[in-house]
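In what follows, a single structure is set out as structure tokens and then discussed.
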Amino acid sequence: MTKKIIVYFIITFIMLFGTAAFSFGQFIPNAPFKEELLKAPDFSLKDLEGKTYRLSKSAGKPVLLFFGATWCPACRTEIPSMKDIYATYTPQGLEIAYINIGESAKRVARFVQTNKLPYRTLLDESEDVADLYNIVGVPTFILIDKKGIIINISHRSADLSLTKIFPPNNQGVKK
């Protein structure tokens, strides 16, 4: 009786797991592993001066979107790094836009003035653009290349792949 039970379990084991071993590596989704490119959704928002900013008007230029809020400690921590990125990369053509999510223009204006933000500040009071970009937490940085393709999404400016757009300067390096 126990031999029959053991044989039954062995046969069941082979049937369940034996066939699975032959199927590993058979299904290859997205072959031959082409990178999926995601185009940045177009949007328009008002800045603090009441002027309309439209992402599509920046076609041909790389853009860095910085989604944040005045109440966010991590967003405030990123400000010095963002000022450095602004000073280094805007002369090379990078556009930076800070998109404040869900706060009034008056509150955001005080925040911008207090922190002396040098980059354009946009107001997403209705949070429609944050929803469009699936922003689930702040800060969120979205780096868009000259073709309008999203090449990096991160929650820290230190994790941005700016070298994909602006290769390091190799001056002084002998070839």
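The values are calculated or read from the model by the stated rules, or taken from the named source; none is laboratory data. Just so it is clear, the structure is predicted and the values come from calculations on it, not from any experiment. Using ideal geometry, Cβ is built from the backbone for each residue, glycine included, and neighbour counts are taken over all protein chains shown.
Kindly list, by first and then second residue, each pair from a residue in the range 56-75 that is within 18 Å of Asn134 (Cα to Cα) and among the small types (Gly, Ala, Ser) to a residue that is surrounded by 17 or more Cβ atoms within 10 Å (Cβ to Cβ) and at pLDDT 95 or above, limited to pairs with Cβ atoms under 6 Å and residues at least 6 apart or on different chains.
Gly68/Cys75; Gly68/Val138; Gly68/Pro139; Ala69/Ile101; Ala69/Val138
Quick one: in the range 66-99, of everything that is among the acidic types (Asp, Glu) and in contact with a Lys or Arg (Cβ under 9 Å, 6 or more places away or on another chain), which residue is surrounded by the fewest Cβ atoms within 10 Å (Cβ to Cβ)?
Glu95
Taking only the range 125-158 into account, find how many residues are aromatic (Phe, Trp, Tyr) and free of Cβ contacts under 8 Å to residues at least 12 places away in the same chain.
0
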